[in-house]
Amino acid sequence: MDKLINKSLSLAFFIGITTILNCAAQVPEFSYTTPNAFDAGKTISPLKPTISKGPATSFSIRPDAPDGLTFDLKTGILSGKPLKPSNDRYCIAASNANGIGKAFQLEIVVIGSSVNAGSSHQLTSGEWFLVFLPPIAFIGGLILLLIYTWIIRLIDKKSGPPFSLRLALSESTYPQKIDRNTEYNATNIAALVAIQQINTATTALPVITLFPTTITTTDNIYRPSISRLIAFLTTMVSLLIGICLSSFFIYCYLKDGTVPDVTKLSGILISMGIGVVPYAFNKISTMANGGQPSTPPPTK
C-alpha cells in the first residue's frame, strides 16, 4: 500500500514538473496594432508589442524601420519621427532562450511630403533677422504711420486734433446737436417785419429763413463703446498671435527644417474673430434706426 502511494506521488510530481517546464519552454508570441498610418515629420506615439505567450528577450525587424523611426531590439518598441512617405510591410520576430517565435507582419504607411532629417544648427545673424522680421515690419509700419500723420498735421494745421485712442474707441452718439434758437421770439419777428416793409429787397425772404426756430451745432457727443472696445482688443490679440506664429514658423524651418503643427490654435483664432460680432451688430442696429443708436441717451 505504501509503495502504491509513493508511486502515485512520484507520478504527480513528474507531471507537475513536466507541465511547468513545458510552459517555460514556450517560444514568444506577440502582435502589434496594424496597419498604422503616420504623418511625415511628426513624432509618433510609441508602438509597443502585445506579448500573448512566453517572454520575449529580443526582437528583430526586416527590412529596416522607415527613415526617422527607431526599433528597439530589446523591447520591440517602435518610436521616432518618420521623414519621408512609405508604404511597406515589416517582418518582426521575437525570440527567447527556447527559440524564435512566429514572425509578425507589421504594415506601416507614412503619408505627407519628405522633410529634412532635423539636424539643428546655430542660426546666423541674417537668419535671426528673418525670424524677427514680422514684428519688425509691424512696429516699423506703426512708426511710419505716426511720422506720416505728424508731417501732414505740420503742413496743414487744419487737419484736425492729434489722434486719440480714447476717442477712437468711443462712438459719436449724436453727431449733430439741435438747440432752440433764442433769437426766434415775437419782438425780433415784429422788428423784422417792420424792416421788410421799409426795405422791399428783403420782402422775398421768409421770416423762418432769417430767424430759424432751431440752431444745429456740429459738436460731437462721444460715449464709450463696449462693442468697439471688444472688437479692438480681439483684433489686436489676433494680430499679435499671427505675428508670433509667423516668427515661430520661420524659426522652426530655419532651425530644424520642420513646420510646426498649430491646428489646435484654430479654435482660439476663431474665437478671437467672434469678438467683432458685437460691434458689427451695433453698427447694423444703428443703420436700421436711421443713423441713430437703438437706445438714445437720457435727456437732461
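Remark: segment 130-139, residue by residue, has Karplus-estimated 3J(HN,Hα) of 5, 4, 8, 5, x, x, 5, 5, 5, 5 Hz, where x stands for each Gly or Pro and the curve is 6.51 cos²θ - 1.76 cosθ + 1.60 at θ = phi - 60°. Other residues lying with their Cβ under 12 Å from the Cβ of GLU29 contribute a combined charge of +2, Lys and Arg counting +1, Asp and Glu -1.
Mind scanning LYS48/LYS81; LYS48/LYS102; LYS48/LYS255; LYS42/LYS255 and naming the pairs with a C-alpha gap bigger than 25 Å? In this structure, LYS48/LYS255 exceed 25 Å between Cα atoms.
Annotation: amide H of PHE30 within the under-5 Å range of SER52, sequence separation 5 or more or interchain, hydrogens built in the peptide plane.
Per-residue 3J(HN,Hα) values for segment 58-74, derived from phi via the Karplus relation 6.51 cos²θ - 1.76 cosθ + 1.60 with θ = phi - 60°, read 7, 10, 9, 9, 9, x, 4, 4, x, 4, x, 9, 10, 10, 7, 6, 8 Hz in sequence order (x marks Gly and Pro).
Taking every Cα-Cα distance in segment 27-111 and sorting them into 5 Å bins starting at zero, the pair-distance distribution P(r) comes out as 3, 16, 28, 25, 15, 8, 5, 1 percent. Take every Cα pair under 8 Å whose residues are at least 6 apart in sequence, average their separation, divide by the length of segment 27-111, and the relative contact order is 39 percent. Within the set of other residues whose C-beta is less than 15 Å from the C-beta of ARG166, count the net charge using Lys and Arg as +1 and Asp and Glu as -1. Residues near ARG166 contribute +1 overall.
Throughout, read-outs are computed from the coordinates displayed, never taken from laboratory work. Worth saying up front: this structure is predicted, and the values here are computed from it rather than measured. Positions of Cβ are generated from backbone atoms using ideal geometry, with glycine treated the same way; all protein chains shown enter the neighbour counts.
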